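The values are calculated or read from the model by the stated rules, or taken from the named source; none is laboratory data. Note that the structure is a prediction, hence the values are computed from the model and not measured. Backbone-built Cβ (ideal geometry, glycine too); neighbour counts: all protein chains shown.
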Amino acid sequence: MIVIIDYGMGNLGSILNMMKKIGASAVISSKISDIEKADKLILPGVGAFDNGMKNLSERGLIQVLNDKVIKDATPILGICLGMQLFAKRSEEGILDGLGWIDAETVKFRFEGDKTDLKIPHMGWNYLKIAKEHPLFGDLGDKPRFYFVHSYHVVCNSSEDVLATTYYGYDFVSSINRGNIFGVQFHPEKSHKFGMRLLTNWAKDNR
């Protein structure tokens, strides 16, 4: 069973609908007991970093997530803000992140002839695969995904970077460390590419 974590910060219904389309067994829940029994987890997220960490804390979810992800090595997929919460900190707030990835979340800053680029970065964009992984299997030569974000993750180790995307400069758009996966884009809004990526993640048993 895949548990989509409800902590008041995501478009959960869209993710659940996409999981149903690909034939994956998934539920939306904020119950600790459900998270404890989950085979895989999805941490979605739309909104501000501190609000996300505050909501996780107020629902008593941080300890169970640490136990499941770090201690039990349960696979987890962070989407948009969910991925950013995996970092140690964010320029967007003052609270500590989950700290599962040696990274920080920073705001887009453009220089020179790029200063007219709009923030948030919104719309379709391509991935540049940094290293081969089953997550990106059968996506074709130019996988496109839908983005809506003003902040992005900066990893301190290139080993944690699965893919980058260009918007004024190359930024990290997907991360992986062991059982921890993150995507800055929204696969649930990315049509066939999102369906394929979620299928790959749901079926990967490593």
Problem - Residue, surrounded by the most Cβ atoms within 10 Å (Cβ to Cβ), within the stretch 135-156, restricted to residues that are modelled with pLDDT of 95 or more and more than 15 Å from Pro187 (Cβ to Cβ) - result: Val153
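Within the group Gly182, Gly194, Gly178, which residue is farther than 23 Å from Phe110 by Cα, among the small types (Gly, Ala, Ser) and in contact with a Gly (Cβ under 8 Å, 6 or more places away or on another chain)?
Sole residue among the options that is farther than 23 Å from Phe110 by Cα, among the small types (Gly, Ala, Ser) and in contact with a Gly (Cβ under 8 Å, 6 or more places away or on another chain): Gly182.
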Practice task
Starting from the stretch 106-130, take each residue that is more than 17 Å from Val154 (Cβ to Cβ) and list its partners that are surrounded by 12 or more Cβ atoms within 10 Å (Cβ to Cβ) and among the basic types (Lys, Arg), counting only C-beta distances under 6 angstrom and pairs at least six apart or across chains.
Solution key: Trp124/Arg144; Tyr126/Arg144
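Any idea how many residues of the stretch 3-21 are over 13 Å from Ile79 (Cβ atoms) and surrounded by 18 or more Cβ atoms within 10 Å (Cβ to Cβ)?
The number of residues fulfilling the criteria is 2.
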Practice task
Please tell me if Lys54 is among the basic types (Lys, Arg) and either surrounded by 21 or more Cβ atoms within 10 Å (Cβ to Cβ) or free of Cβ contacts under 8 Å to residues at least 40 places away in the same chain (or both).
Solution key: no
Exercise for the section: Confirm whether Gly168 is exposed (fewer than 14 other Cβ atoms within 10 Å of the Cβ) and either in contact (Cβ under 8 Å) with a residue 12 or more places away in the chain or in a loop (DSSP other than H, G, I, E, B) (or both). Expected result: no
